[in-house]
Amino acid sequence: MSHRLFFWLMALAAILCPVQAAMAADGQPIVSDKDVRVERSGGNFTVDLTIYAPVAPSLAWAVLTDFEHMSEFVPNLTSSQVSERSDSGLKVTQKGVARYGLFSSNFESVREISLSALREIRAHNVGGNIQRMESLMQLQAEGAGTRLTYHAEVLPGFWFPPLIGPALVRHETAEQFSAMLREMVRRQ
């Protein structure tokens, strides 16, 4: 009986938490959980998000590629380090904690990142506790700002609760992009 109660409480947390998390410090939504599209197929997640950043592409690029300081402005990261640089890109190691309601999980990702200046950022996971991750961030000038289009395919190497897995991925993605948008605006 207590096992069922636990799952009902987790389901309730999954419903209620995104409403609060989608609000910025000033009470205005930045990136809401519902802006993030997540599909789950077995253990794989596909994530899609298109948002508008009210800054020039060069400033959006500067924040999106500031891996050395990313843990200072993205709340779920505890560390972010560039371990290698080459003409073709970077190798980045990031560690953090994904939290959603009562659930939390530590993660570590080592990614090879290919940069096409001011246009796109491609990442390929090569280590950590994420089994597979491929992502693409595209930047496009739009009016006085930048349209950001993000797509990722992820196979975590750790357990996600079945009832809240997609909601957790949606929430973490919205939180990360909200933090990056706030940093972009702060740097203006």
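The values are calculated or read from the model by the stated rules, or taken from the named source; none is laboratory data. These numbers were taken from a predicted model, which means no experiment stands behind them. So basically every Cβ, Gly included, is an ideal-geometry build from the backbone, and we count neighbours across all protein chains shown. For the accessible areas, the whole protein counts, side chains as well, though only heavy atoms, and no ligand, DNA or RNA atoms are used. Shrake-Rupley method; radii C 1.70, N 1.55, O 1.52, S 1.80 Å.
So, Leu181, is that one in contact (Cβ under 8 Å) with a residue 40 or more places away in the chain, surrounded by 20 or more Cβ atoms within 10 Å (Cβ to Cβ) and either among the basic types (Lys, Arg) or outside any helix (DSSP H, G or I) (or both) or not?
Answer is no for this residue.
Need the failing condition index for Leu49 against (1) surrounded by fewer than 20 Cβ atoms within 10 Å (Cβ to Cβ); (2) in contact with a His (Cβ under 9 Å, 6 or more places away or on another chain), just the number.
(1)
Here are Ser71, Ser105, Ser86: which of them is touching a residue at least 24 places away in the same chain (Cβ under 8 Å) and more than 25 Å from Arg186 (Cβ to Cβ)?
Ser105
When the range 74-85 is examined, which residues are found to be open to solvent by less than 80 Å² (accessible area, probe 1.4 Å) and assigned to a strand (DSSP E or B)?
Within the range 74-85, Leu77, Ser79, Ser80, Val82, Ser83 meet the criteria.
Can we say Ala13 is modelled with pLDDT under 90, surrounded by 14 or more Cβ atoms within 10 Å (Cβ to Cβ) and either in a helix (DSSP H, G or I) or more than 16 Å from the chain's Cα centre (by Cα) (or both)?
Taking the combined requirement at face value, the residue satisfies it.
Across the range 52-73, what is the number of residues that are among the β-branched types (Val, Ile, Thr) and surrounded by fewer than 19 Cβ atoms within 10 Å (Cβ to Cβ)? If you could, list the steps in order and put the result at the bottom.
The first filter runs over the range 52-73 and keeps only residues among the β-branched types (Val, Ile, Thr), leaving 55, 63, 65.
Okay, now just the ones that are also surrounded by fewer than 19 Cβ atoms within 10 Å (Cβ to Cβ), so 65.
The number of residues fulfilling the criteria is 1.
Is at least one residue of the range 154-175 open to solvent by 20 Å² or more (accessible area, probe 1.4 Å), part of a strand (DSSP E or B) and in contact (Cβ under 8 Å) with a residue 60 or more places away in the chain?
yes
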